[in-house]
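Shown next, in structure tokens, is the structure this report addresses.
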Amino acid sequence: MLQTIKQSLRKIMPSITEEEMISFISRLESRTIAKHEFFVREGQVANEMAVVFKGAFRMYFTYREREQTGHFMFEGQWLGDYESFLSRKPAANNVEALEDSEVFCLSYDNMQALYKRGAQYERFGRLIAEYVYLVAMNSYKSLLLKTAEERYIELLETQPHILERLPQHYIASYLGIQAPSLSRIRNKLAQKH
């Protein structure tokens, strides 16, 4: 359990000391989230962020009665609506568990308490913000600049386990297409190989 959290922290802040890591981990609270339960709901303030210990999540929003998945989160990745977490305003996104999951949560109040302990924790907060921003921008640019087929190939190359773990309709939502279009892309690629 601790190894997953430590790897996640080191990915964001490689220079974190063991003492800082222990202090940070002591602020985390374990929570189980059942499949299809929400970690964050659109319209509610996100009071915590979390690192996934076990499970899968998707962040999505609804536009014109259609869901658009922004990205998926798996073991060792951070999740939540960071904009709402920072601004203390209602979330624009939903974060839903796609499997029975376990997460370790960092509340807004605990993050603020860590910031008061020193510049290294403020730096960590900044690095988390940068990480979340880059994930969001990559997803946004990919949706705007790449075809569904290109995004699907990229997904296969970067996260091939997704196809085994998630239903096609969630993957189609991530690609910005309907499930029948995803089936056509999969068939086309299968014929090429």
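The values are calculated or read from the model by the stated rules, or taken from the named source; none is laboratory data. Everything numeric in this text was worked out from a predicted model, so none of it was measured. Every residue, glycine as well, gets a Cβ built from its backbone with ideal geometry; the counts of neighbours run over all protein chains shown. Note: accessible area is taken over every heavy atom of the protein model, side chains too, but ligands, DNA and RNA are not part of it. Shrake-Rupley method; radii C 1.70, N 1.55, O 1.52, S 1.80 Å.
Let a ≥ b ≥ c be the square roots of the eigenvalues of the Cα gyration tensor of the range 37-83; is it rounded (a/c under 1.5), or, if not, prolate (a/b larger than b/c) or oblate? Cα axes put the range 37-83 in the oblate bin. The fraction of all Cα pairs in the chain landing in successive 5 Å bins from 0 to the largest distance is 1, 7, 15, 19, 19, 15, 11, 7, 3, 2, 1, 0, given as whole percents.
According to the calculation over all Cα-Cα pairs in the range 98-193, the P(r) per 10 Å bin from zero is 13, 32, 25, 19, 8, 2 %.
Choose one answer from SER173, SER101, SER183: the residue with the largest mean-square fluctuation in a GNM of the chain with alpha-carbon springs under 10 Å. In this elastic network of the chain, the residue with the biggest mean-square fluctuation among SER173, SER101, SER183 is SER183. Using a probe of 1.4 Å on the protein chains alone, the accessible area found for HIS161 is around 70 Å². Rounded to the nearest whole Hz, the Karplus-based 3J(HN,Hα) values (6.51 cos²θ - 1.76 cosθ + 1.60, θ = phi - 60°) of the range 56-61 follow the sequence 9, 9, 10, 9, 8, 10, with x at glycine and proline. Exposed loop sites here are trypsin sites (Lys or Arg not before Pro) in DSSP loop states with at most 13 other C-beta atoms within 10 Å. What is the longest stretch of the chain lacking them? It runs 118-193. Against the empirical curve 2.2 N^0.38 Å, the C-alpha radius of gyration of the range 1-108 lands at a ratio of 1.08. 3J(HN,Hα) along the range 26-42: 5, 8, 7, 10, 6, 8, 9, 10, 6, 3, 6, 7, 9, 7, 9, 10, 3 Hz, from the Karplus curve 6.51 cos²θ - 1.76 cosθ + 1.60 with θ = phi - 60°, whole Hz, x for Gly and Pro. Calculated mean residue ellipticity, 222 nm, the chain: -15500 deg cm²/dmol, from DSSP H runs (n ≥ 4) at -39500 (n - 2.57) each, averaged per residue and rounded to 500.
Are there DSSP H segments in the chain that both extend 30 Å or more along their axis (alpha-carbon positions) and score a mean Kyte-Doolittle hydropathy of at least 1.6? List them, or say none. Provide the component values of the computation, followed by the final result.
Values: long enough: 119-145 (38 Å, 0.29).
Result, helices passing both filters: zero.
For ALA50, the residues 5 or more places off, or on other chains, whose built amide H falls under 5 Å of its own are LEU79, LEU106.
Mind running the shape call on the range 138-193? Use the C-alpha gyration tensor, a ≥ b ≥ c as the square roots of the eigenvalues: rounded below 1.5 for a/c, prolate if a/b tops b/c, oblate otherwise. Rounded, since a/c falls under 1.5.
Candidate cross-link partners of LYS146 among the lysines, defined by an alpha-carbon separation under 21 Å and a same-chain spacing of 8 or more, comprise LYS188, LYS192.
Magnitude of the charge dipole for the range 64-193, about its Cα centre and with charges confined to Cβ atoms of Lys, Arg (+1) and Asp, Glu (-1), is about 460 debye. One chain, two ends: LYS35 and GLN191. Fully extended at 0.36 nm per residue, the span grows by 52.7 nm beyond their Cα-Cα distance.
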